[in-house]
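The values are calculated or read from the model by the stated rules, or taken from the named source; none is laboratory data. Remember, it's a predicted structure, so these values are computed and weren't measured experimentally. With ideal geometry, Cβ positions are generated from the backbone for all residues, glycine too; neighbour counts draw on all protein chains shown.
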Amino acid sequence: MKLYENGAYLVKGKEIVPESPEAAAAVKSMTGEEITVAEAKKNTIAYGILKEHNTSGNMEKLQIKFDKLTSHDITFVGIIQTARASGLEKFPIPYVLTNCHNSLCAVGGTINEDDHMFGLTCAKRYGGIYVPPHQAVIHQFAREMLAGAGKMILGSDSHTRYGALGTMAVGEGGPELVKQLLNKTYDIDMPKVVGIYLTGAPMKGVGPQDIALAIIGEVFGNGFVKNKVMEFVGPGVSNLSVDFRIGVDVMTTETTCLSSIWRTDDKVKEFYDIHGRVEEYEELNPQDVAYYDSFIEIDLSQIKPMIAMPFHPSNTYTIEELNENLMDILDDCEKRAEVSFDGKVKLDLKSKVRNGKLYVDQGIIAGCAGGGFENICDAADILKGRSIGADEFTLSVYPASTPIYMELIKNGAVANLMATGAIVKTAFCGPCFGAGDTPANNAFSIRHSTRNFPNREGSKVQNGQISSVALMDARSIAATAANKGYLTAATEIDANYSKPKYFFDKTIYENRVFDSKGVADPSVEIQFGPNIKDWPAMSALPKNLVLKVVSEIHDPVTTTDELIPSGETSSFRSNPLGLAEFALSRKDPEYVGRAKAIQKAQKAIEAGECAKAAFEEIEPVMSAIKKAFPEKDFHDGNVVENIGFGSTIFAVKPGDGSAREQAASCQKVLGGWANIANEYATKRYRSNLINWGMLPFLIEEGELPFKNLDYLFIPDIRDAVAEGKTEIEAYVVKDDALTPFTLKMGALTEDEKDIILKGCLINYYRG
């Protein structure tokens, strides 16, 4: 794999000309035409699609209108509730509500099925599409029924990626979907485009997860594709089946790119034809001379079976390398876990080594990444006639949709798998976020799913429970199962891959999926359960802010799962205050109590009462501030427009992972006014903060000027936001003195300024 940091031309889809003083002349000699970098940048597939969907008239400042929207049952209730509070009357474009996260309805009484009935009645009232539980995971339904070449789809799940089908798709927090539902736009600067040039063909036994993990391992740590569009080109694309391309594409989310797009060919046309939608096909290729801001060259034939060890998809090794350096790599993983978990619980992977081999407790092939037809067929071929054994090792397989499941039954793959001792289950995203197949304490699970962050497999570190996940391809998981749980690369198994043809039967969707065909019925009453709550009222940004630092996190990256855990907490996604009780619960159990304490002062002034009387701890803080700023009239902390009280957290790099808005909204409903970070892991997390009226502060790397539990004073913050200042004067308030320091804030659009000033997106749309 070769990275070209300074960009490159791609000529006629085949010749790479790296950026250099001689590059333009070289391109001219090859084509006979002179072309500037600016002109050649317009010739990528990504540029053409973005131009088609941009409404601003300015390709540097995009205002995108998407063709379709999609959400699942952890996010759609909050999105629709926000849109309803902001004036929603009808879904203006197709909006699909799938039910693939809370499908089990196993905990919390009626509340999960209440969410589903809310979704069904909203689809009827506002003119949407409702996919019942167990029918399909969100992204497989989108591939089968929504995607179209040259189209754009916005989803409230971070793995919204349909680039292999010629669809530019973006995963964002819920408020960005609210904007589309209210006929507003998705506003971003023109993203940079990275060319991913594929050559060769994968060796036998190598699957899409292997290719994806190899890419993630190269580009995550250095931010090579962060917030950019990955454009897959080159002759190697044609050597991959569409299912294979989809398996690579869905994992591009783990690189922290913004979106992805692939060139299309007759194989993609066949995919649309199989699914009865051949009219959605269009051949997409970069034009004769295209320029990419950076470039990656990948020889597919050189990639070996991979494994991403705990606790990140970028912690990658070849399986061969892991087996050759087993104890050293396991020791490194244990040491990383010791830091990540602050020594609260001990991860013991070295005890998994038996007779020099790594024993695995569990294998799972599931979801939008692993549950594809080809993945499961190949796994079934590897396991045919074998046994997974009667020891600890278990294997669960979740086809990504009922049509896939039906075809696997018809061609015998399900029977072959179940005969080995494997269990084949319905379409469900649970194993990806800790709500299904939770392993035993200290168990080691290998999964063809999307993530292996801490806690996503069901760990509760605060209760002393820890297990861990490694990501692998379905083929190597099957090879490990065939070896009764001992880690084995698929290339070590001499399997006969039958490669059966896929036949799509949409009958089950026609019988079970509600499709309004875009017709709204305002007479339908929305069905609410007792757990579905409205968002609490939120104040506008005050003139001055007093913030208490209530959590300080120094991990290199903080995931959204650590900000708001997944798993069993998903039952409370429709209850903002109920869910907020879980915020940072697995990272900093003291956070919620501390945030609520300082929030008492804010609630007091919102009620027209004295903040100091409600929370006496702020009296010496206000005394020191008044001494330093005698000219300011704080009205003794009882005028809400004049001063605000609340909390903030510091994290080095927060927001990696899920698009879930609740990572920000839970902080907001607990009185959070800001995050402070060295950088934000993803664009979508920063957007979530802004859309919930929180300030996305930045601070230079190095020793912090404040510590956990310190108070910060930020004078004239409202004016600073309104004026678009990127450097903000702030003070640490301690020992009756104020110590100045500087906070930074990246540029905000005019709408983003207004959202923060008004306190949140709901207030912004209410006017």
Task: Considering residues of the stretch 33-44 that are of a type outside the set (A, V, I, L, M, F, W, C) and assigned to a helix (DSSP H, G or I) only, the residue surrounded by the most Cβ atoms within 10 Å (Cβ to Cβ) - done: LYS41
Open item on the list: Checking the structure you have, find out if any residue of the stretch 509-521 is surrounded by fewer than 18 Cβ atoms within 10 Å (Cβ to Cβ), in contact (Cβ under 8 Å) with a residue 24 or more places away in the chain, in contact with a Phe, Trp or Tyr (Cβ under 7 Å, 6 or more places away or on another chain) and not in a loop (DSSP other than H, G, I, E, B).
Closed with: yes
- [ ] Select the helices (runs of 4 or more DSSP H) contained entirely in the stretch 652-767, then report the ones holding at least 1 residues which are within 23 Å of LEU182 (Cα to Cα) and not aromatic (Phe, Trp, Tyr).
- [x] 662-669, 683-691, 750-758, 761-766
TODO: For the stretch 243-271, enumerate the residues that are farther than 30 Å from THR559 by Cα and crowded, with 24+ Cβ neighbours inside 10 Å.
DONE: THR264, VAL268, PHE271
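Quick grid of which residues meet (1) of a type in the set (Phe, Trp, Tyr); (2) buried (at least 24 other Cβ atoms within 10 Å of the Cβ); (3) under 21 Å from the mean Cα position of the chain (by Cα):
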{"site": "GLY644", "(1), (2), (3)": "no, yes, no"}
{"site": "THR648", "(1), (2), (3)": "no, yes, no"}
{"site": "LYS653", "(1), (2), (3)": "no, no, yes"}
{"site": "ALA659", "(1), (2), (3)": "no, yes, yes"}
{"site": "CYS666", "(1), (2), (3)": "no, yes, yes"}
{"site": "TRP673", "(1), (2), (3)": "yes, yes, no"}
Task: Criterion: out of contact with any strand residue (DSSP E or B) (no Cβ under 8 Å at 6 or more places or on another chain), part of a loop (DSSP other than H, G, I, E, B), farther than 23 Å from LEU62 by Cα and not assigned by TED's automatic domain parsing to the domain that holds MET152 - qualifying residue of GLY247, GLY221 - done: GLY221
Open item on the list: For the stretch 675-700, which positions are within 19 Å of VAL721 (Cα to Cα), more than 18 Å from the chain's Cα centre (by Cα) and of a type outside the set (A, V, I, L, M, F, W, C)?
Closed with: ASN675, GLY693, PRO696
TODO: Those residues that are assigned to a loop (DSSP other than H, G, I, E, B), modelled with pLDDT under 90 and among the small types (Gly, Ala, Ser), I need them from the stretch 45-90; list them, please.
DONE: SER86, GLY87
Open item on the list: Looking at the stretch 143-155, can you tell me whether even one residue there is modelled with pLDDT under 95, crowded, with 24+ Cβ neighbours inside 10 Å and within 18 Å of SER658 (Cα to Cα)?
Closed with: no
Open item on the list: Considering only the stretch 627-646, I want to know if a residue exists there that is within 30 Å of ILE79 (Cα to Cα), of a type in the set (Phe, Trp, Tyr) and part of a helix (DSSP H, G or I).
Closed with: no
TODO: Determine whether the stretch 622-642 contains at least one residue that is in contact (Cβ under 8 Å) with a residue 60 or more places away in the chain, buried (at least 18 other Cβ atoms within 10 Å of the Cβ) and out of contact with any helix residue (DSSP H, G or I) (no Cβ under 7 Å at 6 or more places or on another chain).
DONE: yes
